[in-house]
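Participant: What follows is a structure written as structure tokens; I'll ask about it next.
The values are calculated or read from the model by the stated rules, or taken from the named source; none is laboratory data. Note that the structure is a prediction, hence the values are computed from the model and not measured. Here Cβ is always computed from backbone atoms with ideal geometry, including for glycine, and neighbour counts include all displayed protein chains.
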């Protein structure tokens with residue numbers, strides 16, 4: 001079961017990037033693909049969330065995307081409801097904006113550091129004094145959020161209704177009762193009004209203020225009683241305008257404040273914040289707030305992208321497939337209307353081989369495909385004129401890795417392990433990108449190993465995209481009529497960043513060397529000058 005964001009913070013100050021991808025084969029995307037696809041950078045571009053909760057939920061969605069077509073469709077329907085209904089959008093934006101203003105105060109209460117009676121707060125997460133103000137401010141967000149949802153209309157889509165219901169459900173929790181008050185402190189610990197109905201243990205009532213009318217009245221009554229038993233003139237005003245009692249009350253006040261304040265902090269506020277910090281109900285409420293903010297973030301991302309954006313048509317199926325029209329990279333195309341889009345279809349062909357010279361756009365295109373698949377499965381808009389794709393049970397991306405000194409396998413073995421793990425975890429519903437397979441061995445061994453591996457993936461039936469400079473390898477699979485060859489287009493030795501049919505048999509290595517200043521001529525010039 002997925003942990004809510006309060007649980008993912010693990011009793012620490014909220015961290016937006018607290019979620020991690022599951023192990024290979026346990027979820028849609030693993031850590032290797034997550035890193036290679038550059039999901040952290042993708043998150044930075046999609047992240048229009050206003051709250052920490054919203055950003056955390058969005059990041060979690062990208063690390064743990066949905067694999068159920070119906071669940072994704074429900075989320076998309078909620079996006080459309082907000083986008084198409086100005087009243088709904090205004091209401092949700094108001095709720096989220098108000099939460100963004102008060103959210104940090106809740107986190108100070110939950111995770112702040114108490115400095116003690118005489119400490120001075122120098123950082124936002126530090127709490128000075130006895131904690132009355134941080135407590136009163138901290139509980140405001142959940143209470144206001146419940147009130148805002150109660151005053152909202154009924155959404156039309158099930159996903160949005162479920163979010164509203166999750167927030168409204170907090171009102172039925174014991175934590176909500178404790179926040180509303182009164183709070184009772186008894187020998188059984190902290191209790192709410194509802195819990196006190198079934199308890200007869202003596203208890204004191206906690207209120208977040210030093211001013212305790214009943215306690216003060218009791219103290220005054222005791223002093224008054226003492227004066228009745230032992231008559232004196234301590235309440236008489238002297239000619240200096242002060243009574244002897246004022247001199248008596250001053251040290252009493254100096255004792256009263258730290259005793260009462262320290263008791264409330266240590267026996268009420270800190271125990272209450274520990275209850276709230278471990279509360280599943282509060283975690284679910286924050287999750288729901290984050291979900292609302294995430295939906296708004298998708299819409300704002302689409303509005304600010306600068307090119308065509310669409311909610312993709314998704315479907316379940318026995319095999320993975322996709323049809324993209326004028327698809328652009330979600331990161332590189334952001335606010336870049338000149339970015340070149342590409343059409344791409346992967347339906348009958350289960351193996352697409354992409355060839356072309358260095359810096360032609362092969363890797364950028366494959367990251368476009370995988371990032372679009374990932375965004376589609378979190379319910380987000382994708383940069384394309386149209387997008388139809390099936391839900392992938394796994395999204396894998398293998399790129400060349402540098403072996404570690406202690407792995408004992410070398411570069412070839414390190415990459416082959418990764419390929420093996422991907423192969424074993426993939427299915428006919430998976431999307432797999434392999435970037436330059438079998439590096440670190442001879443050409444003959446590279447050919448044979450690559451043929452064996454690609455043949456295995458083809459027989460599994462998943463969608464496999466191969467990025468390679470090895471046109472001989474592509475020739476082999478084209479000859480078998482089981483590969484769709486694509487190449488990145490060049491015109492006048494410059495890349496157009498268009499993907500066209502065919503196999504590239506040139507490398508443009510000298511052009512790249514000249515571009516970075518390390519061609520044969522550059523080397524000769526350097527040696528002549530030295």
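Participant: Looking at 135, 130, which one is part of a helix (DSSP H, G or I), in the same structural domain as residue 83 (by TED's automatic domain parsing), touching a helix residue (DSSP H, G or I) at 6+ places or on another chain (Cβ under 6 Å) and crowded, with 16+ Cβ neighbours inside 10 Å? So that I can check it myself, show each step before the final result.
Facilitator: Numbers: 130 fails: part of a helix (DSSP H, G or I).
One residue alone meets the criteria, 135.
Participant: May I pose another question? Cβ contacts < 6 Å: first residue more than 16 Å from residue 302 (Cα to Cα), restricted to the stretch 36-51; second residue surrounded by 18 or more Cβ atoms within 10 Å (Cβ to Cβ) and at pLDDT below 95, any location; separation 6+ or different chain. Result?
Facilitator: If the second residue must be surrounded by 18 or more Cβ atoms within 10 Å (Cβ to Cβ) and at pLDDT below 95, the pairs left are 36/399.
Participant: Related question: Counting only residues that are outside any loop (DSSP other than H, G, I, E, B) and either farther than 22 Å from residue 109 by Cα or touching a residue at least 24 places away in the same chain (Cβ under 8 Å) (or both), how many does the stretch 175-184 have?
Facilitator: The number of residues fulfilling the criteria is 6.
Participant: Counting only residues that are surrounded by 16 or more Cβ atoms within 10 Å (Cβ to Cβ) and either without any contact (Cβ under 8 Å) to a residue 24 or more places away in the chain or out of contact with any strand residue (DSSP E or B) (no Cβ under 8 Å at 6 or more places or on another chain) (or both), how many does the stretch 254-268 have?
Facilitator: Counting residues in the stretch 254-268 that are surrounded by 16 or more Cβ atoms within 10 Å (Cβ to Cβ) and either without any contact (Cβ under 8 Å) to a residue 24 or more places away in the chain or out of contact with any strand residue (DSSP E or B) (no Cβ under 8 Å at 6 or more places or on another chain) (or both) gives 3.
Participant: Any residue at all in the stretch 185-194 that is in contact (Cβ under 8 Å) with a residue 40 or more places away in the chain and touching a helix residue (DSSP H, G or I) at 6+ places or on another chain (Cβ under 6 Å)?
Facilitator: First, the residues of the stretch 185-194 that are in contact (Cβ under 8 Å) with a residue 40 or more places away in the chain: 185, 189-190.
In the following step, the residues that additionally are touching a helix residue (DSSP H, G or I) at 6+ places or on another chain (Cβ under 6 Å) were identified as 185, 190.
Yes; the residues of the stretch 185-194 include at least one that is in contact (Cβ under 8 Å) with a residue 40 or more places away in the chain and touching a helix residue (DSSP H, G or I) at 6+ places or on another chain (Cβ under 6 Å).
Participant: Oh, and also: Using the structure shown, decide if residue 43 is in contact with a helix residue (DSSP H, G or I) (Cβ under 7 Å, 6 or more places away or on another chain), modelled with pLDDT of 95 or more, closer than 26 Å to residue 99 by Cα and assigned to a helix (DSSP H, G or I). Steps first, answer last, please.
Facilitator: Numbers: in contact with a helix residue (DSSP H, G or I) (Cβ under 7 Å, 6 or more places away or on another chain): yes; modelled with pLDDT of 95 or more: yes; closer than 26 Å to residue 99 by Cα: yes; assigned to a helix (DSSP H, G or I): yes.
Considered against the rule, which asks whether it is in contact with a helix residue (DSSP H, G or I) (Cβ under 7 Å, 6 or more places away or on another chain), modelled with pLDDT of 95 or more, closer than 26 Å to residue 99 by Cα and assigned to a helix (DSSP H, G or I), residue 43 comes out as yes.
Participant: Take the residues in the stretch 25-40 that are part of a helix (DSSP H, G or I) and either more than 17 Å from the chain's Cα centre (by Cα) or at pLDDT below 95 (or both); name whichever of them is surrounded by the fewest Cβ atoms within 10 Å (Cβ to Cβ).
Facilitator: Pass one, the stretch 25-40, residues part of a helix (DSSP H, G or I): 31-36, 39-40.
Applying the additional criterion that residues be either more than 17 Å from the chain's Cα centre (by Cα) or at pLDDT below 95 (or both) yields 32, 36.
Working: 32: 18, 36: 20.
Among those that are part of a helix (DSSP H, G or I) and either more than 17 Å from the chain's Cα centre (by Cα) or at pLDDT below 95 (or both), it is 32.
Participant: Look at residue 320 and say whether it is in contact with a strand residue (DSSP E or B) (Cβ under 6 Å, 6 or more places away or on another chain) and touching a residue at least 40 places away in the same chain (Cβ under 8 Å). It would help to see each step written out before you state the result.
Facilitator: Working: in contact with a strand residue (DSSP E or B) (Cβ under 6 Å, 6 or more places away or on another chain): yes; touching a residue at least 40 places away in the same chain (Cβ under 8 Å): yes.
The answer is yes for residue 320.
Participant: Something else about it: Please work out if residue 294 is touching a residue at least 12 places away in the same chain (Cβ under 8 Å) and part of a helix (DSSP H, G or I).
Facilitator: On the way: touching a residue at least 12 places away in the same chain (Cβ under 8 Å): yes; part of a helix (DSSP H, G or I): yes.
Here the answer is yes, as residue 294 does meet what is asked.
Participant: Take the conditions at pLDDT 80 or above, over 16 Å from residue 358 (Cα atoms) and either part of a loop (DSSP other than H, G, I, E, B) or in the same structural domain as residue 343 (by TED's automatic domain parsing) (or both) and apply them to residue 496. Does it pass?
Facilitator: no
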